[in-house]
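Bear in mind these aren't lab numbers, they're just calculated from the coordinates by the rules spelled out. Every value quoted in this text rests on a predicted model; they were computed, and no experiment measured them. Virtual Cβ from ideal backbone geometry, glycine too; neighbours counted across all protein chains shown.
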Amino acid sequence: MIARAIWLATCRAGNAVACLMDALFPYSGSHMGRIDLPDDVVNLAEKQVAAGRAQSLEEVVRAGIEALELRDQQRYDAKLSELRAAIDEGDDSGTFEGDPFAEVRARHALPRTSP
């Protein structure tokens, strides 16, 4: 039902090649006709199209993917910024005097291991 709704939307959008490929090779995965979505997601996408927020179900799915990519990029950028700040903080803290490994072992009550 769900894949059929997207397949119909693809065909209605005038993508005759995709419709023909789907008819000839139904499991090729060469286009969006094989996405399996829950009914509530399809209904939400159809409401977006009916409200004029998108031209097709494919456009709704594409917008969702783009939103996920943007979110992932923003998370990556935030982590990279935090790492750069930590590196800068370390660079600005000066040179450590003494044995850094002994300091860590003492701070975390770790035993000294033999080489």
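Each residue of the stretch 84-98 was assigned a 3J(HN,Hα) from its phi angle through the Karplus expression (A = 6.51, B = -1.76, C = 1.60, θ = phi - 60°), giving 4, 5, 5, 5, 4, 4, x, 4, 7, 7, x, 8, 7, 9, x Hz with x at Gly and Pro. Qualifying GluC sites (Glu not before Pro) in the stretch 45-107, where qualification requires a DSSP coil assignment and no more than 12 other C-beta atoms within 10 Å, comprise 97.
Along the stretch 56-65 the Karplus relation, 6.51 cos²θ - 1.76 cosθ + 1.60 evaluated at θ = phi - 60°, assigns HN-Hα couplings of 7, 5, 4, 5, 5, 5, 4, 4, x, 5 Hz to successive residues, with x for each Gly and Pro.
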